[in-house]
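Worksheet: one structure, shown below.
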Number of protein chains: 2
Amino acid sequence: MLAEIITIGDEILIGQIVDTNSAWMARELNKIGIRVKQISSVSDDKDHILKALAEAATRAKIIFITGGLGPTKDDITKKTLAEYFGVGFVENKEALENVERIFAKYNRPLLDVNRLQAQVPANCEIILNKNGTAPGMWFNHEGVIYISMPGVPFEMMYMMEGEVLPKIMANFKLPSIIHTTLLTVGEGESFLAERIADIENELPPYIKLAYLPKLGQVRLRLSAFGEDEESLQKQVDIFAGKIIERIGAVFVVDKDIALEKAILDKMTERGLTLSIAESCTGGYISHLFTQHPGSSKVFLGGGVTYSNGLKEHILGVKHQTIEQFGAVSEQTVKEMVDGALLNFKSDFAISVTGVAGPDGGTVDKPVGTVWIAVSGMGKMLIKKYTFGNKRQQNIERSAVMALSMLNTLLTEVAD
Amino acid sequence: MLAEIITIGDEILIGQIVDTNSAWMARELNKIGIRVKQISSVSDDKDHILKALAEAATRAKIIFITGGLGPTKDDITKKTLAEYFGVGFVENKEALENVERIFAKYNRPLLDVNRLQAQVPANCEIILNKNGTAPGMWFNHEGVIYISMPGVPFEMMYMMEGEVLPKIMANFKLPSIIHTTLLTVGEGESFLAERIADIENELPPYIKLAYLPKLGQVRLRLSAFGEDEESLQKQVDIFAGKIIERIGAVFVVDKDIALEKAILDKMTERGLTLSIAESCTGGYISHLFTQHPGSSKVFLGGGVTYSNGLKEHILGVKHQTIEQFGAVSEQTVKEMVDGALLNFKSDFAISVTGVAGPDGGTVDKPVGTVWIAVSGMGKMLIKKYTFGNKRQQNIERSAVMALSMLNTLLTEVAD
């Protein structure tokens, strides 16, 4: 079955925001066997929206529309949809209660403009928006489903996951699609591909292997399409097993989860604790861990020791070490990880110090130079990396490599 | 003048990659006075591409096409363009020399499939690709310009900056577009809209106001279209000034930058330093600051004191305080911010403690309960927030509110 996505709003067309919604939706739709035929971003302009809707309806069975549902004048999606379907507006009780609930919760008076958000085209079914005042809308018009949702990513995502996707699956008979994802870290896409080339060549035509690389990690996704879910899963499991055996240490987990979540799961299972001493990553690694529910079972905390003073004060790095070898050095990163273990009293610790850039580089230590240490249960790994000159990438790459090293250490001490 | 962007390739439609190219192109085009009317992502399918080209040509004077120029079988943009224009292929000498140069550089033998990359539709002008083997192509067909470029971001960007944009500016007399963005925090879209309704109604037809809300922040964007840049800017400045005066304390800065960047700029200018004691935000606020170049001038560091033990050990929160009032309490958040100022020796400090969820809530302190304190130069603000039950949102909202409080405090101590 084919779908299309239409995003409405000038923000994307003037390049103020990058359209991440569409990629997320496309991915979720793929998982349930729906292919996206076209993604269109159009402006807050009635005639343009009407034309885009009509064109999409000639190609697809389901049309997802995001954006343009706010309470202000520039948001015209709702009235344009009513015009498209040739219907008037009705007040939806459930949507009004939702708006009232949200305003009551924040102790705000309900304005007329907010009450208007509960007015919807007469031919729609409401998709409740628990995270915002603009309801989603589901239309079934001349054999095509139209689904209108807010453009705010988390509002759209909760509606998709909680209501829209289940409703689609209940309404349509979709083919079975099985996805199994193998998370790997520390080896490039082309090297992995070469190592498993013969296994890939053996795959039957109904199983596809995709390489999804991202900053030092590669996800290998096996997707099988067919009728019988059970036999598809069995086939996929066999090939996943072969790949895991072949690639060895770079394999992390056979789930499509974040690298740090895989580590949290392993450490939770073994009752281990972690602390982190971050300099150039500036809190990013701590954030990666703490965004996951239950991370407090493993993650005790840490120091974001950006200044040299705090490296000494919080972690106990010796003043002389920094004087003699510099803040970005093997000696400093070692004292940082030792200090984290000692002061934060965790089983394992990570420390990172480097030059994220764009300033601060020297001839000896150019921008992108990063030292990482991981330590615990009597073992330690220390490595120097030389990344590029992009600050954000240096922060992210440092984090991934630190996680990769911790994953390796955890594997070693398990033996 | 209107443009459209068409991206070709399945990667975007299956959500494997996020289309960042289009936002970048739209931004660059806006700067020279070209508005993007529609962005369309279509699959590697001849008929679909032909239809998208024909539709775009009815709306726009310039059509940018990215992707589908690789040497492999699934890349069909070039031959589809030749069919669209009804022309044959010719070998382009310059493009061939470029391919040969690149292969010589990497000491690789030139395969026939690579040589084919120098074959281009007979009606095009070449846009040299210094970073890759696929040439860009410029077509002028029945009054519409078509520009085809590779989808690899840095190849496309280099071609746009070095050749395409200068050529467009040389060929067309372009109108001016002025954007001014006002960043606000702490007041909802509909409240802001009501407060400035009369100013919005006064706007001349060539100035548009857009509301761009995001987690407690709203960006107000004034866009003006016309001939005379100077007078447009003057008009926009007048309306921006009226809005700023009206909305008062919720206004942060008249630039399209991140909230924490606005704070960093203010603090850098005044030579002030900052430290952060984070519990439920788990390093996220520190990460927000440290992703910006130059943040080390302001941000000294901080503690991610997830466990109670670390709140006591790193920040000096009294054991008895946590025992008596709990880790999520006014007393604890106050001792955290005091401890940050004292131990991290900064001019200002932020502290945050709360129940991010989904677990850990109680009747008294349900998930979403967050205490935030900001302190410095003898002043302190402490507030309790009650957010929802989504962990990621609670983290992000806490961060935005902490930044908002710090912005308020900085404004107060400036008086």
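The values are calculated or read from the model by the stated rules, or taken from the named source; none is laboratory data. Because the structure is a prediction, the values reported are computed rather than measured. Here the Cβ positions follow ideal geometry from the backbone for every residue, glycine too, while neighbour counts run over all protein chains shown.
Within the stretch B:186-238, track down each residue that is more than 20 Å from A:Pro150 (Cβ to Cβ), aliphatic (A, V, I, L, M) and in contact with a Leu (Cβ under 7 Å, 6 or more places away or on another chain). Once the filter is applied, which keeps residues that are more than 20 Å from A:Pro150 (Cβ to Cβ), aliphatic (A, V, I, L, M) and in contact with a Leu (Cβ under 7 Å, 6 or more places away or on another chain), the stretch B:186-238 yields B:Leu203, B:Ile207, B:Leu222, B:Ala224, B:Val236. Consider B:Leu212 carefully, then state whether it is crowded, with 20+ Cβ neighbours inside 10 Å, in a helix (DSSP H, G or I) and not assigned by TED's automatic domain parsing to the domain that holds B:Asn30. Judged against the criteria, B:Leu212 is not a match. A single entry from B:Leu310, B:Leu342, B:Leu300 fulfils the requirement of being in contact with a Lys or Arg (Cβ under 9 Å, 6 or more places away or on another chain) and under 25 Å from B:Gly271 (Cα atoms): B:Leu300. Looking for something at pLDDT 95 or above, under 25 Å from A:His292 (Cβ atoms), under 25 Å from the mean Cα position of the chain (by Cα) and crowded, with 20+ Cβ neighbours inside 10 Å - is there at least one such residue anywhere in the stretch B:225-242? No, the stretch B:225-242 contains no residue that is at pLDDT 95 or above, under 25 Å from A:His292 (Cβ atoms), under 25 Å from the mean Cα position of the chain (by Cα) and crowded, with 20+ Cβ neighbours inside 10 Å. The set of residues from the stretch B:331-366 being over 23 Å from A:Tyr306 (Cβ atoms) and buried (at least 21 other Cβ atoms within 10 Å of the Cβ) comprises B:Thr332, B:Gly354, B:Val355, B:Ala356, B:Gly357.
When you scan the stretch B:86-114, how many residues do you find that are assigned to a helix (DSSP H, G or I) and crowded, with 17+ Cβ neighbours inside 10 Å? Count: 6.
Among the residues of the stretch A:64-82, the ones that are within 18 Å of A:Glu4 (Cβ to Cβ) and either surrounded by fewer than 24 Cβ atoms within 10 Å (Cβ to Cβ) or more than 25 Å from the chain's Cα centre (by Cα) (or both) come to 3 in all.
Among the residues of the stretch B:301-314, count how many are crowded, with 24+ Cβ neighbours inside 10 Å and facing chain A (nearest Cβ under 7 Å). Total meeting the criteria: 8.
A single entry from A:Ser275, A:Ser279 fulfils the requirement of being in the same structural domain as A:Met405 (by TED's automatic domain parsing) and under 24 Å from A:Lys214 (Cα atoms): A:Ser279. Of the numbered conditions (1) over 30 Å from B:Glu94 (Cβ atoms); (2) touching a residue at least 24 places away in the same chain (Cβ under 8 Å); (3) surrounded by fewer than 16 Cβ atoms within 10 Å (Cβ to Cβ), B:Lys130 satisfies every one except a single condition; which is it? Evaluating B:Lys130 over (1) over 30 Å from B:Glu94 (Cβ atoms); (2) touching a residue at least 24 places away in the same chain (Cβ under 8 Å); (3) surrounded by fewer than 16 Cβ atoms within 10 Å (Cβ to Cβ) leaves (1) as the failure.
For (1) farther than 24 Å from B:Thr7 by Cα; (2) of a type in the set (S, T, N, Q); (3) within 22 Å of the chain's Cα centre (by Cα), each residue gets a yes or a no:
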position	(1), (2), (3)
B:Gly132	no, no, no
B:His141	no, no, no
B:Ile147	no, no, no
B:Ile177	yes, no, yes
B:Thr181	yes, yes, yes
B:Asp198	yes, no, no
B:Leu209	yes, no, yes
B:Leu222	yes, no, yes
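The condition (being surrounded by 18 or more Cβ atoms within 10 Å (Cβ to Cβ), within 29 Å of the chain's Cα centre (by Cα) and more than 29 Å from A:Glu155 (Cα to Cα)) is satisfied by just one residue among B:Val374, B:Val317, B:Val370: B:Val374. Among residues of the stretch B:403-415 that are without any contact (Cβ under 8 Å) to a residue 60 or more places away in the chain, those with a beta-carbon under 6 Å from a residue that is exposed (fewer than 15 other Cβ atoms within 10 Å of the Cβ) and not aliphatic (A, V, I, L, M) at least six positions away or on a different chain give the pairs B:Val413/B:Lys379. The residues in the stretch A:29-39 that are under 20 Å from A:Met159 (Cβ atoms) and either crowded, with 17+ Cβ neighbours inside 10 Å or at the interface with chain B (Cβ under 7 Å from one of its Cβ atoms) (or both) can be counted, and the count is 5. Looking at A:Thr80, A:Thr7, A:Thr66, just one residue is at the interface with another protein chain (Cβ under 9 Å from one of its Cβ atoms) and touching a residue at least 12 places away in the same chain (Cβ under 8 Å), and that residue is A:Thr7.
Do we have any residue at all in the stretch A:47-59 that's more than 25 Å from A:Glu142 (Cα to Cα), of a type in the set (S, T, N, Q) and more than 7 Å from every other protein chain (Cβ to nearest Cβ)? No, there is no match, as no residue in the stretch A:47-59 is more than 25 Å from A:Glu142 (Cα to Cα), of a type in the set (S, T, N, Q) and more than 7 Å from every other protein chain (Cβ to nearest Cβ). With a requirement of 2 or more residues that are outside the structural domain of A:Asp75 (by TED's automatic domain parsing) and touching a strand residue (DSSP E or B) at 6+ places or on another chain (Cβ under 7 Å), the strands (runs of 3 or more DSSP E) lying completely within the stretch A:118-208 that satisfy it span A:176-185.
The residue that is farthest from A:Ile65 (Cα to Cα), counting only those in the stretch A:155-201 that are touching a residue at least 40 places away in the same chain (Cβ under 8 Å) and among the acidic types (Asp, Glu), is A:Glu187.
Only residues that are of a type in the set (A, V, I, L, M, F, W, C), surrounded by fewer than 22 Cβ atoms within 10 Å (Cβ to Cβ) and over 24 Å from B:Arg195 (Cβ atoms) were counted in the stretch A:115-127, giving 3. Considering only residues that are surrounded by 22 or more Cβ atoms within 10 Å (Cβ to Cβ) and within 14 Å of chain A (Cβ to nearest Cβ), look in the stretch B:244-266 and name the one that is nearest to B:Ala373 (Cα to Cα). So, considering only residues that are surrounded by 22 or more Cβ atoms within 10 Å (Cβ to Cβ) and within 14 Å of chain A (Cβ to nearest Cβ), the one nearest to B:Ala373 (Cα to Cα) is B:Glu260.
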